[in-house]
1. Given the structure, is B:Ala402 closer than 30 Å to B:Ala136 by Cα and either among the basic types (Lys, Arg) or in contact with a strand residue (DSSP E or B) (Cβ under 8 Å, 6 or more places away or on another chain) (or both)?
2. Just checking, how many residues over region B:22-34 are closer than 30 Å to B:Leu339 by Cα and open to solvent by 30 Å² or more (accessible area, probe 1.4 Å)?
3. Among the residues in region A:207-217, are any more than 14 Å from chain B (Cβ to nearest Cβ) and of a type in the set (S, T, N, Q)?
4. Out of all the residues in region B:592-611, is one or more part of a helix (DSSP H, G or I) and either among the basic types (Lys, Arg) or assigned by TED's automatic domain parsing to the domain that holds B:Ile775 (or both)?
5. Go through region B:476-489 and report how many residues are farther than 30 Å from B:Lys533 by Cβ and away from chain A (no Cβ under 14 Å).
6. Of all residues in region A:52-82, how many are of a type in the set (Lys, Arg) and under 15 Å from the mean Cα position of the chain (by Cα)?
7. Would you pick out the residues in region B:38-58 that are at pLDDT 90 or above and open to solvent by 40 Å² or more (accessible area, probe 1.4 Å)?
8. Given the condition within 25 Å of A:Val209 (Cβ to Cβ) and open to solvent by 30 Å² or more (accessible area, probe 1.4 Å), answer yes or no: does some residue in region A:39-56 qualify?
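The values are calculated or read from the model by the stated rules, or taken from the named source; none is laboratory data. Computed from a prediction, not measured in an experiment: that's the story for all the values here. Cβ atoms come from the backbone with ideal geometry, glycine included; neighbour counts cover every protein chain shown. Each accessible area value is taken on the protein alone, full model and side chains, heavy atoms only, with ligands, DNA and RNA left out. Shrake-Rupley method; radii C 1.70, N 1.55, O 1.52, S 1.80 Å.
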Amino acid sequence: MYYQLINFGNEEFHAYPDKSLYWKRLNTLIVSDLHIGKSISYAKNKQFLPPYDTKEILNKIFVSLDKIKPSNLIIVGDLLHDVFSTLSLKDQDHKNLSQYMKNTDFIWIKGNHDKNIQIEGFKNFTNYKIDKLLFTHIPIETSLFQICGHYHPKVKISHRGKTIFKTCFIHNEKIFILPSFGILTGGLDIHSKQISDVLGKNNLSIYPVGQDKVYKL
Amino acid sequence: MNINKSNPLTLHPLTKWMKKKKWSWFPHQIETFQHVRSGSDVVVFAPTGAGKTLTGFINPIDDLIKSKKYKGLHTLYISPLKSLANDIVRNLEKPIKELDLNISFQVRTGDTTPYKKQKQKQKPPNILITTPESLALLNSYENAKEFFHNLKYIIIDEIHTFLDNKRADLLSLNIERLQTFSPNLQRIGLSATLKNKLDAKRWLCRKKPKIISYENSVLPKIKILESKERIPWSGHMATYSINEIYKEIIKSKLTIIFVNTRAQAEYMFKNLWLINKKKLKIAVHHGSLEKNLRLKVENNLSKGLVDCVVATSSLELGLDYGDVEKIIQVGAPKGINRLLQRVGRSNHNLNTPSKAILVPTNRFEFIEAKAAIEEIKKNNLDKIDLKEGSFDVVAQHIFATACAGQFDINDLYKEIIKAYPYKKLKLNDFKQLINLIQDGGYVLKNYDQFKRIFQLRENKNIYKLVNRRETRKYRMNVGTIIENPMLKIKLGTKTLGNIEEVFIQNLSQGDSFIFAGQILEFQSMKNNLVQVKRSKSLISKIPSYSGGRMPLSTNLANSVRVLLAKSNMWDFYPEQITEWLKRQKNISKIPKKDEYLVEQFPRKKNFYTVIYTFAGWHANQTLGFLLLRGFKEFNYKPLGFVANDYAIVLWSLKEVKEIKTILNLDLLDKHLDNYLEETSIVKRLFRDNAIISCLIERRLPGMEKTGKQVLFSSDLIYTVLKKNEPDHILLKSSYEDAKKNMIDYDRLREILKKIDKKIILKKLTSISPLAVPIILEINRENLSKKETDEYILEDLENEILKEANVLSIN
């Protein structure tokens, strides 16, 4: 799989088209906003989305783990969509997860969606610091470099009379935002107020995610 | 006709009123009265001006007078348009008031206030005038049965507009529901003239079915605009003829200019305005304009306060605009029925002919216009193909039924298959649709605890709504007309109308565009409102509206072929057309009416293949894609294709040698699935299906979440479903829709079945005169959405790299 090299916080990262980020130096894989079980959570409001998202997200993550074999998996928040979502994790899913946990540490940083939920085997944190890097769901006041999720960034690209929206990795000097790793998750325009308030408008590095490749703008 | 003693209507209360007005009954009105009185369901075919509205009401009014102070709802009148419903009320008001009849009547549409609606429910009028959507809503109320149990008649106006679409499906299901509530209900259909009258009868009538027909002997006077200018080779904007059109407007008291698209309407209006030296009052009317703006134009039109209105199909139906003297049709007629409908908007008086002028916008359209005039002289109408009922509409109907109260699925199934479009609905498919409403109907039973309807424990055939709150969701999604995601346009605080979100996304601040006849500058988009200001810019874009492209009807296409082959007629055409055809005959060939001409020639560095199918745009578009695949298999290295109503052109790197081997029925069978897969056709239709079947919620313009997000999430659902559950009923439904509507499957199949024996192959050294129009249309990209996205990203990245003086290694 092709990756895009991204320099952030004096470290090198690889951005993959499956929307995961790899920190080679520490053999650590980073994902965010999986929103597992979003479909089941919608179903309680009688919005019946196809119930295959959990299966697909887990498969995606397992494929990635098989290939990279990281020592750590950091989930930067919103692993689950809400408390109902645990219903979509079947026994087999739990078995598979614990199999992978034998070789990989699962570090679960809590997001706004999954604050009060527990799953066996996951290590829970509100944020997680490695060297000068802080992993947190939503950026906080700090002098550290931060790697976050939460916003599901997408970028509007107008080129030669056509306009498209693409999910993207995005960072400024201090803050890095991952795209959502989920299946039924939407996106937020990087020029929206919510994202501008965090990243500002200038000196942004934007990496749209294509079919088999992560691009650089 | 005089009223004599044998006329059964002599004693009818309306006769007195008619006499006062010095009117008399038409034969079809008398016939209708008699047949309905003897218990028949009828369909009445009569031209505009032949008292159609009154025809429907003759029996109801007679009954109501005889039964004296009838309590409750007696007659339901269904109209295809809200505006038409209001017009019917005005027409009904006259005799009822003037005769001082004790009959109550009201209108109920989406525009009726909630207060009025509530009152109507408590105390229904004798006659209710409404639309299919409002009827569906009425049937979803808990008291629907009481409300309708005394209903005697249902009148369907303009029934010809209800036969070939999902609205027809919805209406047919609701008529059967009414019949269940009130078994003695009689059905009266009113229609413009139709080729396949029997089909309309089958669709509507159950009891002693009867067709009543009144043909107009006065033919409309239609001619083609005589232009001194050069008719362009291709294009659809008729810029060449603008001065001549303006002269025609000056000559008549009141003119409606019909165009085929909203974009053409804006463009035509703008161009007329630029040359409007006489300061004529010209207005524009199309479906995207704000209701109030539209009503204002309609009002001015009926009062004769304007000189000319440029309109799309939005002004096609029903309404009586009195003094319209002339119709100008700009662009191809596309079909006979449609042209007649439009032409009929002028001179509502039966005995004077309607007048119309056709303005072809390119050379093929000239032939098409000529052919249409010929067919109208012969009264050879287009056949309306009745469609088989769509699944998503049944799903919506099931939800509506559940909103009205608990129901037995066997009873419901029996009722549904009485409706003509659903005669062949399989029990198994029906059950899947029940599941779809229940919990999405997925194989993976994940949602057991979250159902929308559930089976009673004591009787598994009875289903019940889980929660009354769900009725609100049904009411949001009711109906079968799904628009593309739209945004409201605001000029100051005034709303001008709705515009497609896709168009706005391509604008930058300061860009100007034409809308509602004004040049506007795009300022900002906030809270899903597009803020604009007036602009003086001379360069402006024209909003495009996707969809709505009508293919050339089979009937008219055949006529075009016949006409094209009649070389003895050519001398009567304008010189430039004659020259064009003569040169074609010398250089290549003019195909006979059952031949398929294929021309091949080199041009620049590529090799071109042009196939003249006259199959209409949808079928040609499909065939183009299939041929692309076929050419790839033979390693001709095809680069692209373009299709229009008449022909397809493909270009390739290598010479296409085996065209006769490739062009046959196998091509369709082999590559069709692939076509549906790769283009976004099914995906787009899936969105409609998901909304109509209430799987996802409909968003209306101005609501918090934008339409784009609905589109987005329906795309996600489609992708997930396609991968995990390809047999899901909604995928099946979308696929069927695609086959029926978007790719003209049956038409294409008919052509490919016989094409191989009728190909006339011409190898040329260069482009032929007949091929020029379609070659000129080559300018769009032919990549699928997925490919386009990647292409844009790739290209942009390279540009940026070049700018930064870093050459891309790959």
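1. It is true that B:Ala402 is closer than 30 Å to B:Ala136 by Cα and either among the basic types (Lys, Arg) or in contact with a strand residue (DSSP E or B) (Cβ under 8 Å, 6 or more places away or on another chain) (or both).
2. Start the filter on region B:22-34 by keeping residues that are closer than 30 Å to B:Leu339 by Cα, which leaves B:23-32.
Still in the running and open to solvent by 30 Å² or more (accessible area, probe 1.4 Å): B:23-24, B:26-27, B:31.
Final tally of qualifying residues: 5.
3. no
4. Initially, region B:592-611 is screened for residues part of a helix (DSSP H, G or I), giving none.
No.
5. 5
6. Step one: of region A:52-82, the residues of a type in the set (Lys, Arg) are A:55, A:60, A:67, A:69.
If we keep only those that are under 15 Å from the mean Cα position of the chain (by Cα) too, we end up with A:60.
Residues meeting the conditions: 1.
7. B:Ser38
8. Looking through region A:39-56, at least one residue is within 25 Å of A:Val209 (Cβ to Cβ) and open to solvent by 30 Å² or more (accessible area, probe 1.4 Å).
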